[in-house]
Amino acid sequence: MKVLVHIDDAERWQEALAERLPEADIFTSAAPAERRREADYLAAWKPPESLLSEPLALKGIVNLGAGVDALLNNPGLPAGVPIVKLRDAGMAEPIGDYVRYGLLHFQRDFDRYRRQQHVRQWHEHAPVDKADWPVGVLGLGAIGARVAAMIATDGFPVHGWSRSPKSLEGITCHHGDDGLAALLGRVKSLVLLLPDTPATRHIIDAEALARLPEGASLINPGRGTLIDEAALLDALGEGEAEGRLRGALLDAFPAEPLPAASPLWGHPRVWVTPHMAGPTPLGAALDQVAEALRAFAAGEPQATVDPDAGY
Ligand code: OXD
């Protein structure tokens, strides 16, 4: 099988994949056009439209990440080619740690203490137990479910939400529109781990934010398109004094890098990180890619992405 690889450090992936698939001919998108045309499969992260629009006769695509939004929204994506994406591939653990950091940041008042430090103010806030800090996790796919389990183990009561019903041990599961409204009304921190699909775009709009209890916080290691940014800024209010929304820890944005002109950069109660919550550990990801390519070649592809559902 011939595999075309496109990702920032493609040569590293090419070499490591060749060790796992010695039977395969693996080359990167830097190869000449006639060589690229020979590819049976594409393993790629955010390939440019120009590459996808080339006359490639692909039998399958492996998305080198968990989110397929960039690929599905690429106008060059050839129709009908089955797509397999990385499953948890080791990203859930660091994403869980990112969420833990955010939860402790708000639950232990680090945001308030930082502001007090600026004015040299020594004042202790009454602690709130984790058991009294309900957390909502929107999205219970492979990553969301693992993150929900991690924070439940830490002692936070966790409410999970998915579009269709799910049952997860130790998590109070909600589903559908009514379930979402019920969850929003009772959580002190809201964590977004949904994929970017037409159904999830701006799911956190003014109405959803208004349902959150006064002083709730938002943690988004998922996708930037989940949030209506104008509504978010409105709920946060201006300046250091806490608004209806206490603060937001954001790792994902509709346009990345976050444009320098974005008001989020300078907001005193917004923490911006550069889409670093869930780095993909190369080893685990490569094992999954090799497995997916072998399954394609054997004519038994693994669970493929549903382009209509968007994940
Ligand atoms: C992913 C990501 O989808 O890194 O894997 O955002």
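The values are calculated or read from the model by the stated rules, or taken from the named source; none is laboratory data. A quick note: this is a predicted structure, and the numbers were derived from the prediction, not measured. With ideal geometry, Cβ positions are generated from the backbone for all residues, glycine too; neighbour counts draw on all protein chains shown. These accessible areas exclude ligands, DNA and RNA; they are computed on the full protein's heavy atoms, side chains included. Shrake-Rupley method; radii C 1.70, N 1.55, O 1.52, S 1.80 Å.
Observations on the model:
- Sole exception among (1) under 14 Å from Ala297 (Cα atoms); (2) crowded, with 17+ Cβ neighbours inside 10 Å for Met1, by number: (2)
- Strands (runs of 3 or more DSSP E) contained entirely in the stretch 118-176, each with at least 3 residues that are open to solvent by less than 10 Å² (accessible area, probe 1.4 Å): 135-138, 158-162
- Residue within the stretch 292-309 that is modelled with pLDDT under 95 and within 13 Å of the ligand (Cβ to nearest atom) present: no
- Listed by first and then second residue, the pairs with beta-carbon distance under 6 Å, at least 6 apart or on different chains, first residue in the stretch 254-281 and in contact (Cβ under 8 Å) with a residue 60 or more places away in the chain, second within 16 Å of the ligand (Cβ to nearest atom) and of a type in the set (Val, Ile, Thr), are Ala277/Ile95; Gly278/Ile95.
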